[in-house]
Each structure stands twice: as C-alpha cells, then as structure tokens.
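The values are calculated or read from the model by the stated rules, or taken from the named source; none is laboratory data. Source: prediction; values computed, not measured. Every residue, glycine as well, gets a Cβ built from its backbone with ideal geometry; the counts of neighbours run over all protein chains shown.
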C-alpha cells in the first residue's frame with residue numbers, strides 16, 4: 001500500500017509541475033502573438049503499449065481529445081508544419097493483439113494514422129517485458145492492417161535492453177529485425193523504437209548504419225522531424241483527463257532535464273562519499289606505517 005501511495009504522489013507531483021509548464025508556455029505563446037510573432041509549430045509523439053477491451057471507451061475519449069486539440073500526423077510522412085500549429089503522432093509499442101481488436105477500430109473510425117513497432121520474433125506469441133504477458137499479433141494480422149493508416153516499424157528481434165548486450169548482438173537486433181520485417185511484410189521499414197527507451201550514442205549510430213530514417217525514444221520532448229532521434233511521451237487509456245491533456249500539450253517535456261539533474265546529483269553524492277571514505281581511511285594507513293617503525 002505504501003509503494004502504491006508513493007506512486008500516486010509521484011504522479012500527482014509530475015502532473016502539478018507539468019501544469020505549471022503548460023501555464024507558462026500558454027502565457028508565452030499568448031504574448032508572442034500579441035506582439036505580432038507567430039510561435040513555431042510543435043509536435044508531440046504519444047506512445048501506448050496496450051489497449052485492453054475494458055479500457056476501449058477511455059481510449060476512444062482520448063482520441064476525441066486529440067482531434068480537438070491537435071493536428072494528427074503520420075510519423076513517417078514528410079509533413080509540412082504550419083507556424084503556430086500543434087501536431088501529434090500516435091504510436092504503439094509491441095504490436096499486441098488488442099491493437100487490432102480494440103485500438104484500430106477506434107482509429108479507423110476517426111481516420112487517425114498510427115505507427116506500430118513490432119518485435120520481429122514475438123509474432124503470435126505471449127509476450128510481456130514487465131511481467132504480465134499479452135498476445136502479440138500474427139504475421140497475417142500485420143499484413144491485413146490498412147497501409148494507408150498504419151505504419152509498421154521495428155522494435156528489435158527479441159526486445160532486449162540494448163545497452164546491456166554486446167555490440168554485435170545489438171547490431172543484429174537492430175539491423176536483422178529491419179531485414180526480417182521487410183522480408184515478411186514486403187514493405188520498407190524505416191522507423192525503430194528502442195526497447196525500454198534504453199539507448200546511447202553508439203546505438204543511434206548503429207540505427208543510422210542500418211538505414212532507418214528515424215528512431216524513437218521514451219524521453220517526452222517535442223519531436224523535431226529534421227532530427228534522427230525523436231522523443232515520445234507515454235500515455236495510457238487510464239491516464240487522468242488532465243494528465244492526458246498535459247502530455248498531449250507537451251507539458252511533460254521538463255522530465256528529461258529532471259532525469260539529467262537527478263543523475264548529476266547522484267554522481268556528485270557518490271563522489272563525495274567516496275572521497276570521505278578515502279579521507280577516513282588515510283589516517284589509519286599513516287598510523288599503521290608509524291607503528292611499524
């Protein structure tokens with residue numbers, strides 16, 4: 001119960017900070033327009049994992065909010081952005097069965113484009129990196145998806161944490177998954193999603209060498225389609241309405257700065273503790289050497 005409460009408080013805190021970011025951004029855009037300056041266009045990429053049947057209604061409501069608040073765009077399209085507009089791209093990781101059963105009908109009803117990132121060797125299997133397993137779509141189901149609305153990308157062969165495997169294995173997961181999916185689907189695969197959002201500069205280079213046009217992470221930043229690496233924000237059908245609207249608006253983009261600051265503080269604390277231990281041990285050494293004489 002305590003951990004659940006802690007999680008709830010963290011969620012509330014993130015939502016509160018994001019509300020402040022949204023208010024500041026809205027104020028800035030208002031005064032920019034007042035002074036005759038048109039703000040730049042921006043784009044948020046959302047990513048879902050699963051849309052269970054019991055959450056379909058909430059998912060549909062979120063799609064309606066998207067249509068009210070942003071211009072939907074395809075992730076692989078050469079989109080021309082109009083200054084001042086807010087765009088959104090919708091993506092799904094893992095290619096679970098409930099994408100076809102629950103999410104796709106709602107997307108089709110609204111003619112919303114989406115991208116599904118596929119684990120090449122998990123097709124038609126039960127899969128779940130977080131402990132709970134779900135059924136992954138079959139090859140036949142992938143082939144039957146409407147190409148005009150659904151773009152397929154790679155999510156590796158087996159969904160490992162790529163920074164924790166040997167480089168040759170990471171290269172295989174990145175490049176062979178692309179080749180495998182292209183052969184199975186008879187379609188070019190140009191988008192890649194890092195499992196667990198786990199990546200570094202070398203992995204980005206391997207993706208460029210493999211021939212991808214874009215790779216997506218789990219860092220909730222605005223997406224610049226002129227760049228190779230694109231950030232995304234996680235959403236779930238169970239998100240609070242305010243929480244979802246803030247994510248859609250890009251108000252969670254402060255999180256990468258917070259992650260970086262936390263990492264820097266952690267490294268600093270470790271360095272201080274290490275130096276303190278060394279200082280405490282130094283006199284013992286001197287005493288030992290003196291007593292030996």
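Across the range 1-28, what is the total count of residues that are over 27 Å from residue 117 (Cβ atoms) and either at pLDDT 85 or above or touching a helix residue (DSSP H, G or I) at 6+ places or on another chain (Cβ under 8 Å) (or both)?
16
Could you check residue 151 against (1) within 18 Å of the chain's Cα centre (by Cα); (2) within 16 Å of residue 48 (Cβ to Cβ); (3) not in a strand (DSSP E or B) and say which number it fails?
(3)
If only one of 97, 141 is surrounded by fewer than 21 Cβ atoms within 10 Å (Cβ to Cβ) and touching a strand residue (DSSP E or B) at 6+ places or on another chain (Cβ under 6 Å), which one is it?
That would be 97, the only listed residue that is surrounded by fewer than 21 Cβ atoms within 10 Å (Cβ to Cβ) and touching a strand residue (DSSP E or B) at 6+ places or on another chain (Cβ under 6 Å).
Which one of the conditions (1) closer than 29 Å to residue 207 by Cα; (2) modelled with pLDDT of 95 or more; (3) crowded, with 18+ Cβ neighbours inside 10 Å does residue 75 fail to meet, given that it meets all the rest?
(2)
Any idea which of (1) under 29 Å from residue 250 (Cα atoms); (2) in contact with a strand residue (DSSP E or B) (Cβ under 6 Å, 6 or more places away or on another chain); (3) without any contact (Cβ under 8 Å) to a residue 60 or more places away in the chain is the one residue 193 doesn't satisfy?
(3)
Among the residues of the range 38-49, are any free of Cβ contacts under 8 Å to residues at least 40 places away in the same chain, over 30 Å from residue 134 (Cα atoms) and either surrounded by fewer than 17 Cβ atoms within 10 Å (Cβ to Cβ) or under 21 Å from the mean Cα position of the chain (by Cα) (or both)?
Looking through the range 38-49, none of the residues is free of Cβ contacts under 8 Å to residues at least 40 places away in the same chain, over 30 Å from residue 134 (Cα atoms) and either surrounded by fewer than 17 Cβ atoms within 10 Å (Cβ to Cβ) or under 21 Å from the mean Cα position of the chain (by Cα) (or both).
Only residues that are closer than 24 Å to residue 45 by Cα, in contact with a helix residue (DSSP H, G or I) (Cβ under 7 Å, 6 or more places away or on another chain) and buried (at least 16 other Cβ atoms within 10 Å of the Cβ): list them for the range 159-194, please.
159, 160, 162, 173, 174, 175, 177, 178, 181, 189, 192, 194
Do we have residue 259 as touching a residue at least 60 places away in the same chain (Cβ under 8 Å) and assigned to a helix (DSSP H, G or I) here?
Judged against the criteria, residue 259 is not a match.
Only residues in the range 23-35 that are surrounded by 11 or more Cβ atoms within 10 Å (Cβ to Cβ) count as the first member; pair them with residues that are at pLDDT below 85 and assigned to a helix (DSSP H, G or I), Cβ under 9 angstrom, at least 6 apart or cross-chain, and list the lot.
none
Read through the list (1) in a helix (DSSP H, G or I); (2) over 19 Å from residue 179 (Cα atoms); (3) touching a strand residue (DSSP E or B) at 6+ places or on another chain (Cβ under 7 Å), then give the number of the only condition that residue 108 fails.
(3)
From 81, 92, which residue is assigned to a strand (DSSP E or B) and touching a strand residue (DSSP E or B) at 6+ places or on another chain (Cβ under 7 Å)?
92
For the range 195-213, name all the residues that are outside any helix (DSSP H, G or I) and in contact with a helix residue (DSSP H, G or I) (Cβ under 9 Å, 6 or more places away or on another chain). Step through it out loud before you land on a result.
Taking the range 195-213 and keeping what is outside any helix (DSSP H, G or I), we get 198-200, 211-213.
Selection gives 198, 199, 200, 211, 212.
Does at least one position in the range 123-141 carry a residue that is within 22 Å of the chain's Cα centre (by Cα), in a helix (DSSP H, G or I) and outside the structural domain of residue 22 (by TED's automatic domain parsing)?
Within the range 123-141, not a single residue is within 22 Å of the chain's Cα centre (by Cα), in a helix (DSSP H, G or I) and outside the structural domain of residue 22 (by TED's automatic domain parsing).
So residue 60 passes all but one of these: (1) more than 24 Å from residue 254 (Cα to Cα); (2) in a helix (DSSP H, G or I); (3) touching a strand residue (DSSP E or B) at 6+ places or on another chain (Cβ under 8 Å). Which condition number does it fail?
Failing condition for residue 60: (3).
Within the range 63-72, count every residue that is surrounded by 19 or more Cβ atoms within 10 Å (Cβ to Cβ) and farther than 19 Å from residue 236 by Cβ.
0
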